[in-house]
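A.B. asks: Dumping the structure here so I can ask a few things about it.
Taken together, the values in this text are just the output of simple stated rules run on the coordinates, not laboratory data. Nothing here was measured: the structure is a model prediction, and the numbers come from that model. Positions of Cβ are backbone-derived with ideal geometry, glycine not excepted, and every protein chain shown enters the neighbour counts.
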Amino acid sequence: MRIAVIGVGHLGRHHARILAELPSADLIGVADVNFGRAQEIASARHTTAFADWRELLGRVDAVTIAAPTEAHTEIAAAFLGHGVHVLVEKPMTATTAEADRLLQIAAARGATLAVGHTERFNPAVAYVKPLVDEPRFIEVHRLGTFPERSLDIDVVFDLMIHDLDVVLDIVGEEVIGIEAVGVPVLTPRIDIANVRLRFANGCIANLTASRISRDRVRKIRFFQRDAYVSIDYAAQEVEMWRLVPKAGQMPGIEGGRIEIAHEEPLKRELEDFVDAIRDGRPPVVTGQQGRAALALAERIVERMEIAK
């Protein structure tokens, strides 16, 4: 499968590295507005550098897009319009109206549209998903140090959207209530945010995201009847504890850390994209699901109380 990467900065260079090694893909080129960077990555991956992504139209079967968010719609629409399969990094577009446009083009041309919500491919998340069947409370902390990228968007779209996607996928219910507070600290955008979501089935999710913390933390915890499950995204570690009934005795608490085979989530994501195209099936994270996470992020920001 002829494939190219558009945008080879912080994340796109890893797309190129992985795709260059996949036996099911032929990395025919990388494109970046910084042509020197494109040449550097292309040289390392034994492929061709392009300064303009338009030069790739007609040469590829699929592309992955890791350009800045504001460029996603123009680039993805062009390739989808040519029937080229597209994986676009999160957030899939700047607005849900733009996301709807991509969905319409993909449907009209029969092209696969996947969205890069990488945490869904975290082995720890994949392991836990079947175990969390009726969460009542979810707690999420995603704290990062001040970045040199993604400062054009609020932390909700930059970081929290990962967890919004995971929570929506696991809970599978409509969000009926939102409380949110955010603080711009080092940028004019929201740098730290706390959000409380209420779902139609009564589940509550409390999410905190920050890009101005000293330490890096990426954890999500699920509380459900008789069970507690914790995921450390970064360490790919899972802990699970259950209340176990015992005849004639007080219930006991059993559990502990569960061994998870570690894998690179981005590699799993790109393998899924290529396999979905080959097998004619939907990708794990579809365009519709990417839009759902984006729509929820928009609702959160609309309701955001700005602390001053």
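A.B. asks: From the helices alone, meaning DSSP H stretches of at least four residues, give me the mean residue ellipticity at 222 nm for the chain, per-run term -39500 (n - 2.57), in deg cm²/dmol to the nearest 500.
C.D. replies: -9500 deg cm²/dmol
A.B. asks: Sticking with this one: How many lysine pairs does the chain hold where the Cα atoms are under 26 Å apart and the two sit 8 or more places apart or on different chains?
C.D. replies: Numbers: 90/129; 90/219; 90/267; 129/219; 129/267; 219/267.
So the count of such lysine pairs works out to 6.
A.B. asks: Separate question: Using r as the Cβ-Cβ distance of residue 35 and residue 134, and R0 as 41 Å, what FRET efficiency do you calculate, to the nearest 0.05?
C.D. replies: E(calc), rounded to 0.05, equals 0.20.
A.B. asks: What residue among 118, 145, 47 has the largest mean-square fluctuation in a Gaussian network model of the chain, using Cα springs under 10 Å?
C.D. replies: Between 118, 145, 47, it is 145 that shows the largest mean-square fluctuation.
A.B. asks: Going by alpha carbons, how many degrees (0 to 90, nearest 10) lie between the helix axis of 96-109 and the longest principal axis of the chain?
C.D. replies: The helix 96-109 is inclined about 60 degrees to the chain.
A.B. asks: Work out from phi, with θ = phi - 60° and the Karplus expression 6.51 cos²θ - 1.76 cosθ + 1.60, the ³J(HN,Hα) of each residue of region 63-70, listed in order in whole Hz, and give x for Gly and Pro.
C.D. replies: Karplus values, whole Hz, x for Gly and Pro: 9, 10, 10, 10, 7, x, 3, 5.
A.B. asks: To continue, here is another question. Return the equivalent ellipsoid semi-axes of region 2-111 as a descending list in whole Å, where each equals the square root of 5 times an eigenvalue of the C-alpha gyration tensor.
C.D. replies: 22, 15, 11
A.B. asks: Among 174-183, 2-11, 290-299, how do they line up by average Cβ neighbours within 10 Å per residue, starting with the highest?
C.D. replies: The packing order, highest mean first, is 2-11, 290-299, 174-183.
A.B. asks: Rounded, prolate or oblate: pick one for region 252-308, where a ≥ b ≥ c are the square roots of the eigenvalues of its C-alpha gyration tensor, a/c under 1.5 means rounded, and failing that, prolate if a/b is larger than b/c, else oblate.
C.D. replies: Working: a/c = 2.66, a/b = 1.15, b/c = 2.32.
Oblate, since a/c reaches 1.5 and b/c is not below a/b.
A.B. asks: Compute the separation of the alpha-carbon centres of region 47-84 and region 101-129 and state it in Å as a whole number.
C.D. replies: With region 47-84 and region 101-129 each reduced to a Cα centre, they are spaced 17 Å.
A.B. asks: At a Förster radius of 41 Å, what calculated FRET efficiency corresponds to the Cβ-Cβ distance of residue 261 and residue 306, to the nearest 0.05? Write out the running numbers ahead of the final one.
C.D. replies: On the way: r = 43 Å, r/R0 = 1.05.
The computed FRET efficiency comes out at 0.45.
A.B. asks: Quick one: of the DSSP bridges fully inside the chain, what percent are antiparallel, nearest 5? The partial results should precede the final answer.
C.D. replies: Working: 44 of 73 bridges.
The antiparallel fraction comes to roughly 60 percent.
A.B. asks: Sticking with this one: Report the extension gain between residue 74 and residue 223 in nm, rounded to one decimal, defined as 0.36 nm multiplied by the number of residues separating them, less their alpha carbon distance.
C.D. replies: Value of the extension gain: 49.5 nm.
A.B. asks: Would you mind counting up the charge near residue 72? Only other residues with Cβ under 9 Å from its Cβ, with Lys and Arg at +1 and Asp and Glu at -1.
C.D. replies: -4
A.B. asks: I've got another one for you. Any idea what angle helix 265-279 forms with the longest principal axis of the chain, computed on alpha-carbon atoms, 0 to 90 degrees, nearest 10?
C.D. replies: Tilt relative to the chain: about 60 degrees.
A.B. asks: For region 136-271, what is the percent of antiparallel DSSP beta bridges, rounded to the nearest 5?
C.D. replies: Taking every DSSP beta bridge within region 136-271, about 85 percent pair in antiparallel fashion.
A.B. asks: When the chain is modelled as a GNM with alpha-carbon springs shorter than 10 Å, which of 68, 23, 265 fluctuates the most?
C.D. replies: Among 68, 23, 265, the largest mean-square fluctuation in the Gaussian network model of the chain belongs to 23.
A.B. asks: Let me make sure I get this right: for region 171-298, a, b and c are the square roots of the gyration tensor eigenvalues over alpha carbons, sorted descending. Under 1.5 in a/c it's rounded, otherwise prolate if a/b > b/c, else oblate. Which is it?
C.D. replies: Because a/c hits 1.5 or more and a/b fails to exceed b/c, region 171-298 counts as oblate.
A.B. asks: Just to be sure I understand the model, the point goes 7 Å from the Cα along the line to the Cβ. What's the resulting residue 235 to residue 44 distance in nm?
C.D. replies: About 2.9 nm, to one decimal.
A.B. asks: With springs connecting C-alpha atoms under 10 Å apart, model the chain as a Gaussian network and identify which of 57, 87, 19 has the largest mean-square fluctuation.
C.D. replies: 57
A.B. asks: Shape verdict for region 47-153, please, from the Cα gyration tensor: rounded (a/c under 1.5), prolate (a/b greater than b/c) or oblate. Before the final figure, lay out the partial values.
C.D. replies: Details: a/c = 2.06, a/b = 1.60, b/c = 1.29.
Here region 47-153 falls in the prolate category.
A.B. asks: Using Cα atoms only, what is the angle between the long axis of helix 12-21 and the major principal axis of the chain, expressed in degrees (0 to 90) to the nearest 10?
C.D. replies: Helix 12-21 sits roughly 80 degrees off the main axis of the chain.
A.B. asks: Starting from the 7 Å offset along Cα-to-Cβ, what nm value, one decimal, do you get for the label separation of residue 247 and residue 21?
C.D. replies: If labels sit at residue 247 and residue 21, their model points lie 5.3 nm apart.
A.B. asks: I need the fraction of alpha carbon pairs in the chain separated by more than 23 Å, rounded to a whole percent.
C.D. replies: Pairs farther apart than 23 Å: 58 percent.
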